[in-house]
Amino acid sequence: MTELEKGLSKLEMDVMRAFWKLDRATAREAYEALAETPDSKVEYTTVQTIVGRLEAKGAIERVKKVGNAWLYRALVTRKSIVGRLVDDVVALLEGASQPIVSHLVESGRLSREELLELERLIEKSKREGSDDGE
């Protein structure tokens, strides 16, 4: 199992969000993007450390040197990381995904747009299932 397959910490995910948002960024730019978020109290040196960890895990890579700083880009997508996290939670629930969906719907955490997208995905899945002779 690679370091990346073991998952990312919350802080590593926060820093990855900066790379996903900015596409390519230096550690300083990632720090500045993170500092814009409410309640962020992370220090620049911490972000530098996290960038090093993310590079070692294969989540980001150096693109080129800009002055005395490296420009990085994400090697993994947000979707792939979120997919792994959800798979891990489903595994903890012994394969049951229904409690996750139920909780999200009942807790009101899904926006109207997210509910509509969920409905669209369900309908698409039903159509594809019926195409298989089910």
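At a glance:
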| quantity | calculated |
| --- | --- |
| So Arg78, is it basic (Lys, Arg) and more than 29 Å from His103 (Cβ to Cβ) | no |
| Candidate set: segment 1-57, residues that are outside any helix (DSSP H, G or I), open to solvent by 90 Å² or more (accessible area, probe 1.4 Å) and under 25 Å from Asp88 (Cβ atoms); chosen: the one modelled with the highest pLDDT | Glu3 |
| Residue list for segment 74-96, filter: open to solvent by 60 Å² or more (accessible area, probe 1.4 Å) and either touching a residue at least 12 places away in the same chain (Cβ under 8 Å) or part of a loop (DSSP other than H, G, I, E, B) (or both) | Leu75, Thr77, Arg78, Arg84, Leu85, Val86, Asp88, Leu93, Glu94 |
| Among the candidates Asp131, Asp87, residue that is modelled with pLDDT under 90 and more than 21 Å from Met13 (Cβ to Cβ) | Asp131 |
| Tally of residues being in a strand (DSSP E or B) and open to solvent by 40 Å² or more (accessible area, probe 1.4 Å) across segment 58-73 | 8 |
| Every residue from segment 105-119 that is open to solvent by 60 Å² or more (accessible area, probe 1.4 Å) and part of a helix (DSSP H, G or I) | Val105, Glu106, Arg112, Glu113, Glu114, Leu115, Leu116, Glu117, Glu119 |
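The values are calculated or read from the model by the stated rules, or taken from the named source; none is laboratory data. Keep in mind that this is a model prediction, so the values were computed, not measured. Glycine gets a Cβ as well: all are built from the backbone with ideal geometry, and neighbour counts include every protein chain shown. Quick note on the areas: whole protein, heavy atoms, side chains included, nothing else; ligands and nucleic acids left out. Shrake-Rupley method; radii C 1.70, N 1.55, O 1.52, S 1.80 Å.
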